[in-house]
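Here's the structure we're looking at; comments come further down.
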Amino acid sequence: MAASTEAPEPWYLALLGFAEHFRTSSPPKIRLCVHCLQAVFQFKPPPRVEARTHLQLGSVLYRHTKNSELAQSHLEKAWFISQQISFFMYVKFEAASILSEFYCQQNLVDSAKPVLRKAIQISQQTPYWHCRLLFQLAQLHALEKDLVSACDLLGVGAEYARVMGSEYTRALFLLSKGMLLLMERKLSEVHPLLTLCGTIVENWQGNPIQKESLRVFFLVLQVTHYLDAGQVKSVKPCLKQLQQCIQTISTLHDDEILPTNPAALFHWLPKEHMCVLVYLVTVMHSMQAGYLEKAQKYTDKALMQLEKLKMLDSSPILSTFQVILLEHIIMCRLVTGHKATALQEISQVCQLCQQSPRLFTNHAAQLHTLLGLYCISVNCMDNAEAQFTAALQMTTHQELWTFIVTNLASVYIREGNRHQELYSLLERINPDHNFPVSSHCLRAAAFYIRGLLSFFQGRYNEAKRFLRETLKMSNAEDLNRLMACSLVLLGHIFFVLGNHRESNNMVVPAMQLASKIPDMSVQLWSSALLKDLNKACGNTMDAHEAAQMHQNFSQQLLQDHIAACSLPEHNLISWTDGLPPVQFQPQNGPTTSLGSLL
């Protein structure tokens, strides 16, 4: 391109054409693409062409090669040269955005921030780029867990979008801020913000897909807020609206007409990603409510959709969705008596985390928690304690911390000789006084743990008080699994006290509920109690039938136990530090006691 004219020189167009041809070949010929772009510099091009070529080279090297040093050099030159040129917005801000993204990938976050701040400062007359760069810097702060700075930037973006006349983008900024406030548990700020967002979304008249995507974002926040609070029944109307909303979006055709306001050129998520997200929150709800077959159905649908998407899309959010889905279905499998499958899926989560350090950082505590739950299911209590202890050291998330402590307390109760550690834990999750989180479900579980301890200590009246509280709370929010566990334990207490009629009134609905979930351990427990109850009452036929059921459940659990403990992945129970092991040594056979199952 000649310095004195705007028309590109033929040599430049030819080299650019060849470079693009090689880049888009199947498979891409990146080395030849890079050669063509490097050849541009032989012609001593003017600054605009030089900056653009540095940007193109930097982008290609960053996206398609491992030559990070050369990619960094070209991107930094593009950013430096473009700042000296007036009215060169696209290259200038694209260079800032990609360079910052590159710095973050190289763990050079402190280098990324000043680039983004400078770009935000000089982009105020370019609405699209100003909004995009604000989102990018807010995301960087959020990844660093600096949610206060991220929220401040999103607030600035919301006000800028309002001034620019884009209520759509204003809603995106405010909903993003609401999401971070939920993560920070700043509920007093979340409620008025979500109310404002609801009004903006309903009043905004624009592209139908954009409007529905805002509604999905808004409803996802509402649903996750309810689920975080353990309010499984209260969330149902919102969840139903969300499911209807995603059905509406799937029937709409993408409108190719771009918004006239440059500040509105944003999408929250692609339509296909939103579908997976709605499946995900449905799985979360089904698992908490104890509808485990439904959770399985939606997990299968979501994972199938994810596999298709990952063939065409390398977006890291898809791996995050996959890990969260697997985390939930693993818990379901442990309840339904499919430990071997759960263990293989835990191994799958390990492999996904191996591929992404950030994914591992964000999910290491959950991974150790899942291994702890698996250890309980195969009666490896020492390993369970080690896994839960490792998980506690890795999380600052209050709900997860409370969940881990509750399960660790159950381990100490089963071991029967850890009184000091147990009472120390119970003080920290006292459901009657200063409970650490607002979750209805976790508080109900804390009452159950107290009831379990009182039962083992022979303090039956105290146990009944705690368990009735769990029942009341479980009934209020349809927490079916907690309800089944409480009913069978109450049934056991009444049986010990010789009140067979009251025991039967508890155990029969416990068995019905456990069959509906299905919860294999509660079914095993209930059938054993029914056998003893009917025997004590002289009901020989019913006692025989219950004994047969108990035998069937025992055999299923025993076979699954042997299968799980024989897998090479069983060795994961010994891993408590660093990255998960890639290779597993095969097991000679089960090394754990089956006493707790039989």
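The values are calculated or read from the model by the stated rules, or taken from the named source; none is laboratory data. Only a predicted model underlies this, so the values are computations on that prediction, with no experimental measurement involved. All Cβ positions, even for glycine, are placed from backbone atoms using ideal geometry, and neighbour counts span all protein chains on display. To get the accessible areas, we keep the full protein, side chains included, count just its heavy atoms, and leave off ligands, DNA and RNA. Shrake-Rupley method; radii C 1.70, N 1.55, O 1.52, S 1.80 Å.
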Rounded to the nearest 10 degrees, the helix 398-415 long axis (Cα) sits at an angle to the longest Cα principal axis of the chain of 30
In debye to the nearest 20, the charge dipole size for region 25-113, taken about the Cα centre with +1 at each Lys and Arg Cβ and -1 at each Asp and Glu Cβ, equals 280
Expressed to two decimals, region 166-276 has a Cα Rg over Rh, using the Kirkwood radius, of 0.96
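Order the following by accessible area, largest value first: W401, W575. Probe radius 1.4 Å; ligands, DNA and RNA are ignored. Working shown, then result.
Working: W401 40, W575 20 Å².
Reading off the accessible areas and sorting them downward yields W401, W575.
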Taking a crude spin-label model, label points 7 Å out from Cα along the C-beta direction, the I85 to L108 distance in nm is 2.2
Computed over the chain: longest principal axis from alpha-carbon atoms vs helix 339-354 long axis, angle to nearest 10 degrees, is 20
Given (i) 41; (ii) 75; (iii) 48 as possible values of percent of Cα pairs over 39 Å apart, the one from the coordinates is (i)
Region 64-107: spread of alpha-carbon positions along the three principal axes, whole Å, largest first, is 32, 17, 16
For region 362-374, Karplus-derived ³J(HN,Hα) couplings (6.51, -1.76, 1.60; θ = phi - 60°; whole Hz; x for glycine and proline) come out as 7, 10, 4, 4, 5, 5, 5, 5, 4, 5, x, 5, 4
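Hey, if we sort S515, S377, S347, S574 by accessible area with the 1.4 Å probe, largest down, what's the order? Numbers along the way, then the final one.
On the way: S515 60, S377 25, S347 5, S574 85 Å².
Largest to smallest exposure gives the sequence S574, S515, S377, S347.
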Rounded to the nearest 10 Å², the 1.4 Å probe accessible area of I404 is 0
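Rounded, prolate or oblate: pick one for region 386-491, where a ≥ b ≥ c are the square roots of the eigenvalues of its C-alpha gyration tensor, a/c under 1.5 means rounded, and failing that, prolate if a/b is larger than b/c, else oblate. Don't jump to the answer; show the numbers that get you there.
Working: a/c = 1.86, a/b = 1.22, b/c = 1.52.
Note, shape of region 386-491 comes out oblate.
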By the Kirkwood definition, with r running over pairs of different Cα atoms, region 1-143 has a hydrodynamic radius in Å of 15.8
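Cα convex hull of region 116-217: mean projected area in nm², to one decimal? Show your work: numbers first, answer last.
On the way: hull surface 25.3 nm².
For region 116-217, averaging the hull's shadow over all directions gives 6.3 nm².
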Along region 317-323, Karplus-curve 3J(HN,Hα) (6.51, -1.76, 1.60; θ = phi - 60°) to the nearest Hz, with x for Gly and Pro, reads 5, 5, 5, 5, 4, 4, 5
So I562 and V496, fully extended at 0.36 nm per residue minus their Cα-Cα distance, gain in nm 20.6 nm
Once the in-chain neighbours fewer than 8 apart are removed, the aspartates and glutamates whose Cα is under 17 Å from K77 read E50, E69, E94, E101
Flagged as over-length at 28 Å C-alpha distance, from K66/K308; K145/K294; K301/K472; K186/K310, the pairs are K145/K294; K301/K472; K186/K310
Where a ≥ b ≥ c are root eigenvalues of the Cα gyration tensor, a/c under 1.5 meaning rounded, otherwise prolate if a/b exceeds b/c and oblate otherwise, region 325-450 counts as prolate
Asserting the computed 222 nm helical MRE of the chain (DSSP H runs at least 4 long, -39500 (n - 2.57) per run, divided by residue count, to nearest 500) equals -25000 deg cm²/dmol
Rounded to 0.05, the calculated FRET efficiency for the beta carbons of E144 and M541 at R₀ = 60 Å is 0.35
Under 5 Å from the placed amide H of G337, counting only residues 5+ away or on other chains, we find M520
Share (percent) of C-alpha pair distances in region 14-83 greater than 21 Å works out to 19
With the 8 Å Cα cutoff and a minimum separation of six or more residues, the chain has a relative contact order in percent of 8
Given backbone amide H placed at 1.01 Å from N, residues whose amide H is under 5 Å from that of G230, ignoring those fewer than 5 places away on the same chain, are H440, C441
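At a Förster radius of 35 Å, what calculated FRET efficiency corresponds to the Cβ-Cβ distance of V582 and E293, to the nearest 0.05? Numbers along the way, then the final one.
Numbers: r = 33 Å, r/R0 = 0.95.
After rounding to 0.05, the efficiency reads 0.55.
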Restricting to Cα pairs under 8 Å and 6 or more apart, the percent relative contact order of region 378-489 works out to 19
Burial-style ranking of 352-358, 365-371, average other-beta-carbon count within 10 Å with highest first, yields 365-371, 352-358
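Would you mind classifying region 467-517 by shape? Square roots of the alpha carbon gyration tensor eigenvalues, ordered a ≥ b ≥ c; an a/c under 1.5 is rounded, otherwise it is prolate if a/b is larger than b/c and oblate if not.
Oblate, because a/c is 1.5 or more while a/b does not exceed b/c.
Rank these residues by their accessible area, most exposed first, probe 1.4 Å: T260, T402. Don't skip to the answer; put the middle values down first.
Details: T260 140, T402 0 Å².
If we order T260, T402 from most to least accessible, we get T260, T402.
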Rounded to the nearest 10 Å², the 1.4 Å probe accessible area of R52 is 70
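Using mean Cβ contacts within 10 Å as the protection proxy, how do 280-287, 137-144 order, highest first?
Averaged packing, sorted descending, gives the order 280-287, 137-144.
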Residue by residue through region 540-551, the couplings from Karplus 6.51 cos²θ - 1.76 cosθ + 1.60 with θ = phi - 60°, in Hz, x for Gly and Pro, are 4, 4, 5, 5, 5, 4, 5, 4, 5, 4, 4, 4
Computed over the chain: longest principal axis from alpha-carbon atoms vs helix 292-312 long axis, angle to nearest 10 degrees, is 20
